[in-house]
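The structure under discussion appears below in the form of structure tokens.
The values are calculated or read from the model by the stated rules, or taken from the named source; none is laboratory data. Everything numeric here is computed off the predicted structure, so don't read it as measured data. Note that each Cβ is placed from the backbone with ideal geometry, even for glycine, and that neighbours are counted across all protein chains shown. Side chains included, ligands, DNA and RNA excluded: accessible areas come from the protein's heavy atoms. Shrake-Rupley method; radii C 1.70, N 1.55, O 1.52, S 1.80 Å.
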Amino acid sequence: MITGKTKLTGVIGHPIKHSFSPPMHNTAYEKMNMDYVYVPFHILPENIDNLITSAKTMNIQGLNVTIPYKTTIIPQLDEIDEIAQKIGAINTVQFKNGKAKGYNTDGIGAIKSLKKYTKLEDKNILILGAGGASKAITFTLTYENPQSITIANRTQQNADTLIENIKKQTPYTNISYIPIQNTDEIIDNIDIIINTTPIGMTPNTDECPINTDKINQKHTVMDIIYNPLETKLLKKAKQQKAQTIPGTHMLINQGIEAFKIFTNQTPKYEYFEKPLLKILTQKQ
Ligand code: ATR
């Protein structure tokens, strides 16, 4: 029951009604008997300017931030976490002692998902795509000391910009570009493949970002797409005995990291997974 003591958290975005975060966070609050609530806030672009001040006025404890505000909200923050600063985008704001601090849990969510299945140190990693999600994952990955990172992309300029940023802002140098249609040339030397492009997402479930012929049992393949639950890329990779990690893992783990930032408590993975899978299986 919501009482006078209930603490307020939520997510801001435009649009917001498709967000999976409210059922995940609220289920965890309920299971853990925590007097918190997580609310979706639909914020129109013309109303974003004073959002952080308004949230402080309302005594909000934490906010997730989704499209289109992950970058535009940054000037309103009092502080920003080091890695979020490098990524140049945030998805979580913690309100503490009158200060708003921004974090990016997308990269950590992806890394935690990978680490459940494979180590990252000394591995050769192929990242498909060079957009916002790729940026968060690539920056966070550099802290794990992989042997190499290769960015495969359709537009070379976008990959080059990401690579330049990594080299400028981190000590990591073993990062390079390959056209996305040429990944076959290097796949034998790759250990981990991460798809951050929307290729294969519903309704285009017949599409696959790369040629999968050379994927085998030595590969770990993660997709960040969670709709469908298993993309064509993952289906093929699984058939060829690769270890596969569906996009729900990153979605759940980035939420868990945000929950920890908001409340200082760690929810069980299943508290986030159950409501999410329920919604996603209903959709299919
Ligand atoms: P994000 O939410 O991560 O920012 P995005 O900007 O929609 O996602 O796209 C991420 C990546 O998917 C980009 O690298 C984009 O390639 P370009 O840099 O060439 O634009 C890639 N991408 C999107 N649609 C694609 C398609 N149909 N074919 C190949 N790449 C595609």
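Things worth noting here:
- Taking the conditions (1) β-branched (Val, Ile, Thr); (2) within 16 Å of the ligand (Cβ to nearest atom); (3) more than 20 Å from the chain's Cα centre (by Cα) in turn, Ile67 satisfies each one other than (3).
- When the criteria are applied in full, Asp160 fails the requirement of being touching a His at 6+ places or on another chain (Cβ under 9 Å) and not hydrophobic (A, V, I, L, M, F, W, C).
- Segment 170-185, residues that are polar (S, T, N, Q) and open to solvent by less than 70 Å² (accessible area, probe 1.4 Å): Thr170, Ser176, Asn182, Thr183
- The residues in segment 120-136 that are more than 9 Å from the ligand (Cβ to nearest atom) and either under 22 Å from Tyr69 (Cβ atoms) or part of a loop (DSSP other than H, G, I, E, B) (or both) can be counted, and the count is 4.
- Residue count for segment 191-223 under the criterion of being within 22 Å of the chain's Cα centre (by Cα) and closer than 24 Å to Thr142 by Cα: the result is 15.
- The set of residues in segment 217-241 being of a type in the set (A, V, I, L, M) and surrounded by fewer than 20 Cβ atoms within 10 Å (Cβ to Cβ) consists of Leu229 alone.
- Enumerated strands (runs of 3 or more DSSP E) restricted to segment 1-102, each holding at least 1 residues that are open to solvent by 50 Å² or more (accessible area, probe 1.4 Å): 7-13, 36-42, 92-96
- Residue that is farthest from Ile87 (Cα to Cα), among those in segment 142-165 that are away from the ligand (no atom under 15 Å from the Cβ) and either acidic (Asp, Glu) or part of a helix (DSSP H, G or I) (or both): Glu144
- Failed criterion for Gly107 (all others in (1) under 18 Å from the mean Cα position of the chain (by Cα); (2) crowded, with 18+ Cβ neighbours inside 10 Å; (3) touching a residue at least 40 places away in the same chain (Cβ under 8 Å); (4) within 13 Å of the ligand (Cβ to nearest atom) hold): (3)
- So Leu114, is it out of contact with any helix residue (DSSP H, G or I) (no Cβ under 8 Å at 6 or more places or on another chain), more than 16 Å from the ligand (Cβ to nearest atom) and open to solvent by less than 20 Å² (accessible area, probe 1.4 Å): yes
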